[in-house]
């Protein structure tokens, strides 16, 4: 990471810490916000967060590695989380999984080389009456069929293009 | 028709207005005498919980709404928050008055982030209407509600794990006692109530304990929301009185001809067709409302496999019975699927499951073997001596 990037990140973390009151209770909201902005949380970010909250960096790592939605691994612009729990499973999530993997050329747990898409599993996301369900970032899709997968991915790609040219978050965030 | 008929017919803020005119002990007495039990699944008497927190002395107290709805097959809280968020916030506010808390926290699961804009808007409107903040409705009551986003951990539905997350730690359940009503969020007395419990409390204050008790059974009063999914014609959220039999419920949801029903989600029990006359209530088959209907074509081992994958993934790993036990049960299910499990080993697995029920630290490990044990009990013929074609 360039020095200027590091400085910017540190500045943002400091601002967040001040906003949340620099106490341990701020840890998860801060990590969520940094993940939302940067789609990853590297060792440097964890150190700055730890400094700001007055705790050891390993405490930050310990929390980050516990929660499914935090994690230090870099993720794509669009994180696709497919529900794998019982009702979605009974409604055919395996075929949706296959089609997602076929269309993106990656397996679950991976990110496409262009950094656009990540495939992840989710445990029951509370859409059991309308499965199979998946989340693209925070946006919900229900009754997904293998056939609909292409449509969903295309919608993401279209909004990614808009984002790249207009430099603002327009969709799916 | 709304899936939540009773909640839909409530007069907005009538329960809160009534609570504002009552003394704190009277509010708690109303809830206590209604017999309301926690709607999240554990079924702890709500009035008793509030009473403990009200009696605790502290400079600060907290009302926490548990919207970390993660039990497989449960989605009623999502529907309540979408359609009747006001009722939930009303319940939190009057709970604040009852125990003497000034701050409420809605712990919303990360998977429900899309509900956040709606909930923020409802909270903003309530502040404008003076239903939150200082001098609520012109009285001296002060109460504020904020939203905390969960980060994707089933275990945070357990109240002490939820508090750990709020405090910025790993969601690992605490030893109990001390209970959160004495030593909760930031060491202060806190009540942690399910979304449906708080909405129901608002209804009870409005309509009275006698109205609530008119439905349900003696030990399980009132109505309950059920999240119905699986092999049935009309999946969705339903309101039924407590004590409804499995057969009656199946008829309503178009699930006749089911082979079994999983009541209470992955941590609940599997009820075979021969027991469909049993009642869904705390004294018979307890549930947080998750009903998964299994049609005749379903393989019980596939279901168990899905559940055990879930528990192995979601166990916090803190205590040995849960961490190792779930892994061993998962391996056992794989052996059964491959048709390579001896009866002696199956019995050992059942003994392990019973040990987990006693020895695990929190509700996750205490209840994760339930589905396994009930399937082994009721479907032994189906699961033994498989040929490898089933694999």
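Quick check: residue separation of residue B:120 and residue B:277 times 0.36 nm, minus the Cα distance between them. What number comes out in nm?
Extending this stretch completely gives an extra 52.2 nm.
For segment B:300-390, the relative contact order comes to 37 percent (Cα pairs under 8 Å, sequence separation of at least 6).
To the nearest 10 degrees, how steep is helix B:24-34 against the longest Cα principal axis of chain B, on a 0 to 90 scale? So the inclination is approximately 30 degrees. Antiparallel beta bridges, as assigned by DSSP with both residues in chain B, represent about 45 percent of the total such bridges.
Legend: mean number of C-beta atoms from other chains within 10 angstrom of residue C-beta atoms, peptide A:84-97, equals 5. Look at the stretch B:111-119: the mean tally of other chain Cβ atoms within 10 Å of its residues' Cβ atoms is 4. Just so you know, the averaged projected area of the alpha carbon convex hull for the protein assembly as shown sits at 26.2 nm². For residue B:358 and residue B:129, the difference between the fully extended length at 0.36 nm per residue and the C-alpha to C-alpha distance is 77.5 nm. Annotation: peptides B:214-221, B:78-85, A:103-110, ranked by per-residue average of other Cβ atoms within 10 Å with the highest first, follow the order B:78-85, B:214-221, A:103-110. Over chain B, Cα pairs under 8 Å with separation of 6+ residues give a relative contact order of 17 percent.
Based on the Kirkwood approach, the hydrodynamic radius assigned to segment B:231-375 is 15.8 Å, with every pair of different Cα atoms included.
Taking all Cα pairs closer than 8 Å and separated by 6 or more residues, the relative contact order of segment B:81-233 comes to 21 percent.
Against the empirical curve 2.2 N^0.38 Å, the C-alpha radius of gyration of segment B:300-390 lands at a ratio of 1.01. Taking the three principal axes of the alpha carbon atoms in segment B:5-213, the coordinate ranges are 41, 36, 34 Å, sorted in descending order. Using the Cβ-Cβ distance between residue B:175 and residue A:55 with R0 set to 30 Å, the FRET efficiency works out to roughly 0.85. Does segment A:1-69 come out rounded, prolate or oblate by the C-alpha gyration tensor, with a ≥ b ≥ c the root eigenvalues, rounded set by a/c under 1.5 and, if not, prolate when a/b is larger than b/c and oblate if not? It comes out rounded by the Cα gyration axes. Stokes-Einstein, applied to the Kirkwood radius of segment A:78-166 over Cα pairs at a viscosity of 1.306 mPa s and 10 °C, places its translational diffusion at 122 µm² s⁻¹. Counts of other chain beta carbons within 10 angstrom of each beta carbon in peptide B:229-239 average 3. Cβ-Cβ distance of residue B:348 and residue B:387, R₀ of 22 Å, FRET efficiency by 1/(1 + (r/R0)^6): the value works out to about 0.45. Translational diffusion coefficient, Stokes-Einstein: compute it for chain A using the Kirkwood radius over C-alpha pairs as Rh, at 10 °C and 1.306 mPa s, and state it as an integer in µm² s⁻¹. Result for D is 91 µm²/s. Report the FRET efficiency, 1/(1 + (r/R0)^6), for residue A:154 and residue A:38, where r is their Cβ-Cβ distance and R0 is 25 Å, rounded to 0.05. E between residue A:154 and residue A:38, to the nearest 0.05, is 0.45. Running a GNM on chain B with Cα contacts under 10 Å, which residue among B:186, B:94, B:364 ends up with the highest mean-square fluctuation? Its mean-square fluctuation being the largest, the pick is B:186.
Here segment B:223-294 is treated as a Stokes sphere of Kirkwood radius computed over C-alpha pairs; at 25 °C and 0.890 mPa s its diffusion coefficient rounds to 213 µm²/s. Listing B:361, B:259 from fewest to most neighbouring C-beta atoms within 10 Å gives B:259, B:361. A P(r) calculated from all alpha carbon pairs of chain B, with 20 Å bins opening at zero, reads 28, 56, 15, 1 percent.
None of the figures in this text is laboratory data; all of them are computed from the coordinates on show. Nothing here was measured: the structure is a model prediction, and the numbers come from that model. Cβ coordinates were reconstructed from backbone atoms using ideal geometry, including for glycine residues, and neighbour counts include every protein chain displayed.
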